[in-house]
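Structure record follows, encoded as structure tokens.
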Amino acid sequence: MTETPSQSQRKSILSQLPHPQFSAIDNPIQQSCDVIIVGVPSEGPLSATATALDQTLGGAIGGLRDQNLAPEDTNDSMLIPGPAVSNADGSGAKLVLLIGMGKNEDHTRQSAFRVASTALRELNSKERSSVIVALGEDIDAAHHDALVAGVLYAHEGQGLYRSKPTIHVPNSIAFSGIAQAAIDRGQVIGDSTNLAKRLINEPAAEIYPESFAQVTETMCSEVGLSCEVWDEERLAHENCNAILAVGAGSDRPPRLVIIRYDGGQPGEQPIALVGKGVTFDSGGLSLKPSDGMIDMKCDMGGAATVVATMHALAKLGVKKNVIGLCGLAENMVSGSSYKLGDVIKTRSGKTIEILNTDAEGRVVLADTLNVAIEHQPVKMLDLATLTGACMVALGIEVAGAMTNDQLICDEVLEAAKSEGEPLWQLPMFSLYNDKVKSKVADIKNIGEGRWGGAITAAKFLENFVGETPWVHLDIAGPAFADSPKPYRDAGGTGTMVRTLIRWIEAS
Ligand code: BES
Ligand code: MN
Ligand code: ZN
């Protein structure tokens, strides 16, 4: 039974994302605005802009610093009256947001992103029409795009269904001391990250395999990507029995989405990105308890990351050929659910014994990876909210990396480090190979006991990647946040979008 997609799915998801008008300006303190944001380093002189503003304010900023009342550390901020409040003609900024910049030597791309997002999150609980971001001088020009991305990132959150919006998007945000090219690039990166967050934050009643595919098709046509969707008939014709098995218990039939971006030389082998797209994971017959199910709309986070990255590559005009594949299914309980003891013949021909229907992500990925390697990728990366075990191993803020090729894993680790997204490699010793051997089929979908669960899941996947150099990212921890931080809301985080853009650009 397929219901008519709701209005919001037919509309372009891109057009629903926050889009304040961005511009580059000179002389920020000469302009009128609601709020101007200036940085306060924890030591050393203020920027030229902050110094000039301080003079206009009769030394208020310097005075606060002298008395140790000004913000210093990142996450610290303070709103003070601006020149317009006392000016006879009301010109200039009405308010000044002082934001702590920490120490210059601690500045990274990550801190640029976070300081910007923190500052705008500080402001966007109220309506502001015009904001000036005068942080360009405080931050290395190489990090300016990250700063702009952070400004946009601040405006996407989980309160999508509040009757009164919790996040107010300014009409205009002007940047001083930042080149237009960095603004344009940061806007694409911020927008793409927000796209991933939105797809994750939408409930499973809105984002199910078919609607995920529709939203993706619309996005692709808007940015000039090609997109192919396999429906349940095509999946059957293609022997994608693993994807079909996981989706069998749901009224919402599964889909496979294949996105192509041809920015490289014609005929050049592509990079493949593969995402787990379980739009809701109830656990199936191995049903999850409520506590474990609450956030399981986030189980398509890998697929959302793939879609968001493809969007970024197209908008940035990256000179690479890349394919993105999303295996989409809803893992539900019904008379037609796949069962424990079932044996599935996957598209690759390998057979899987199902011993736990809640280990469904690897089953969906088995067929998705098989379709991906048919495109003969030079290298392949998959992302999946795959195991609670990865969260036990690394905590909720760190993604796990597992690989069959150390060289490409090092590339990905390096990209993540540059962007400041925590990623840590787990070993793939062959001693784990036996843990997924089945007595009745080629392979079983759980390991032996709960130990090393993130790795046994990756070992399962390794059976479906052939000789392709491959990295698996388990993003179960960082994809979805329980509680907010100064620089981000709770909910979908858009983790790894920035890392993947950097990795592919550097490839
Ligand atoms: N989607 C879950 C993993 C998950 C857990 C993601 C928490 C995000 C937050 C996955 O499908 C799952 O249920 N994994 C099981 C595997 C087990 C049955 C071998 C798990 O981790 O418990
Ligand atoms: Mn599961
Ligand atoms: Zn899952």
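Remarks
- Condition check for Lys276: modelled with pLDDT of 95 or more, assigned by TED's automatic domain parsing to the domain that holds Leu500, within 12 Å of ligand 3 (Cβ to nearest atom) and surrounded by fewer than 24 Cβ atoms within 10 Å (Cβ to Cβ): no
- Look at the stretch 105-127: where a residue is more than 24 Å from Ser418 (Cβ to Cβ), no partner that is assigned to a helix (DSSP H, G or I) and of a type outside the set (A, V, I, L, M) sits 6+ places away or on another chain with Cβ atoms under 6 Å.
- Hey, Arg162 open to solvent by 50 Å² or more (accessible area, probe 1.4 Å), under 25 Å from Asp34 (Cβ atoms) and modelled with pLDDT of 95 or more or not: yes
- Residue match in the stretch 350-369 (condition: under 26 Å from Pro427 (Cα atoms), away from ligand 3 (no atom under 16 Å from the Cβ), among the β-branched types (Val, Ile, Thr) and in contact with a Phe, Trp or Tyr (Cβ under 8 Å, 6 or more places away or on another chain)): no
- Qualifying residue in the stretch 459-477 (condition: assigned by TED's automatic domain parsing to the domain that holds Asp295, within 16 Å of ligand 2 (Cβ to nearest atom) and of a type in the set (S, T, N, Q)): no
- Verdict on Ile344 being among the β-branched types (Val, Ile, Thr), buried (at least 16 other Cβ atoms within 10 Å of the Cβ) and modelled with pLDDT of 95 or more: yes
- Of residues in the stretch 59-90 being β-branched (Val, Ile, Thr) and at pLDDT 95 or above, the one least open to solvent (accessible area, probe 1.4 Å): Ile61
- Within the stretch 233-266, the residues that satisfy the criterion of being part of a loop (DSSP other than H, G, I, E, B) and over 21 Å from Ala359 (Cα atoms) are Glu238, Gly263, Gly264, Gln265, Pro266.
The values are calculated or read from the model by the stated rules, or taken from the named source; none is laboratory data. It should be emphasised that the depicted structure is a prediction, and the values quoted were computed from it without experimental measurement. Counting neighbours? That spans all protein chains shown, and the Cβs are built from the backbone with ideal geometry, glycine included. The accessibility values were calculated without ligands, DNA or RNA, using every heavy atom of the protein model including side chains. Shrake-Rupley method; radii C 1.70, N 1.55, O 1.52, S 1.80 Å.
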